[in-house]
Amino acid sequence: MMQSKKSVAYHFSDDVLQALYSWVDEIPLTRPKKNIARDFSDGVLMAQIVNHFFPSRVELHNYSGANSVAQKKYNWQTLNQKVFKRKPFHPVSLQDIDMIIKCVPGAIEKVLLDIQRTIAMHSTDLSPEIHKAPSGHLSQSDSQPQPLFSSQRGTPGRSTFEGMGDSMPMSSAVPPSVLEERERRIRSLEESNHLLEVKVRKLEQLVQLKDARIEALQAKLHSVGVL
């Protein structure tokens, strides 16, 4: 149910939220999660979640971490255009995107639940591309792992754990397809890191050029006696 102003975007039961947070905890992400509303606001972790289950549909280098509203909106619009407009997904509404960017409690949970249901409903249809979604995605499971995302059940947007590794259990006989997919994800992350390093070097070069230009202008001003 929608709430007015800045209270809560959507209401969910404690069991649904706890199961959702546990599901997210089982997915290896590159960014330590501290606050679900803030951490997912730029769309990067959402891209990584979809990439985890649908690796061929998401190119992670298209999404960069952002603090500005404009870049966050760009990331979500890119997800809508390149990923969510294709079946079995559906685009995130502009209203939901706006609330997610503003970190309105409950907004990202609503979208994550939609993604979770879609993955569970189409896991068999899209196999072997998709990894099997964890069971008990909509209800509390007796065997689900200790939740890490939030120690305050029923409080969307708040969480307490620091950092996260790959919490997926490793069996003694891992299928070759799973190993190959993990290798592909590693290569994709390495490529993204390489692109970021290239961008950093270009920015450093621009800074050097600007510094040189400033020094040249200062020297010119000194020569004419202005400084």
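The values are calculated or read from the model by the stated rules, or taken from the named source; none is laboratory data. Everything quoted here is computed from the prediction, not taken from an experiment. Heads up, the Cβs are rebuilt from the backbone with ideal geometry, glycines too, and the neighbour counts pull from every protein chain shown. Each accessible area value is taken on the protein alone, full model and side chains, heavy atoms only, with ligands, DNA and RNA left out. Shrake-Rupley method; radii C 1.70, N 1.55, O 1.52, S 1.80 Å.
In this structure, ILE115 qualifies as at pLDDT 90 or above, farther than 13 Å from VAL16 by Cα and open to solvent by less than 40 Å² (accessible area, probe 1.4 Å). If the condition is being more than 18 Å from ILE115 (Cβ to Cβ) and in a helix (DSSP H, G or I), then the stretch 57-71 contributes HIS61, VAL69, ALA70, GLN71. Test THR30 against the criterion of being closer than 22 Å to ARG187 by Cβ, surrounded by fewer than 19 Cβ atoms within 10 Å (Cβ to Cβ) and at pLDDT 90 or above, and give yes or no. The answer is no for THR30.
Would you point out which residue out of LEU112, LEU20 is part of a helix (DSSP H, G or I) and under 12 Å from the mean Cα position of the chain (by Cα)? Only one candidate qualifies: LEU112. Within the stretch 45-56, the set of residues being buried (at least 16 other Cβ atoms within 10 Å of the Cβ) and not in a helix (DSSP H, G or I) comprises PHE54, PRO55.
With respect to HIS131, is the statement that it is surrounded by 14 or more Cβ atoms within 10 Å (Cβ to Cβ), assigned to a loop (DSSP other than H, G, I, E, B) and either touching a Leu at 6+ places or on another chain (Cβ under 9 Å) or at pLDDT 60 or above (or both) true? Criteria not met by HIS131. Scanning the stretch 77-99 for residues that are polar (S, T, N, Q), in a helix (DSSP H, G or I) and open to solvent by less than 60 Å² (accessible area, probe 1.4 Å) gives THR78, ASN80. PHE12 satisfies every condition listed in (1) over 16 Å from the mean Cα position of the chain (by Cα); (2) open to solvent by less than 10 Å² (accessible area, probe 1.4 Å); (3) among the aromatic types (Phe, Trp, Tyr) except (2).
Only one entry of TYR74, TYR63 meets the criterion of being open to solvent by 60 Å² or more (accessible area, probe 1.4 Å), at pLDDT 90 or above and out of contact with any strand residue (DSSP E or B) (no Cβ under 8 Å at 6 or more places or on another chain), and that entry is TYR74.
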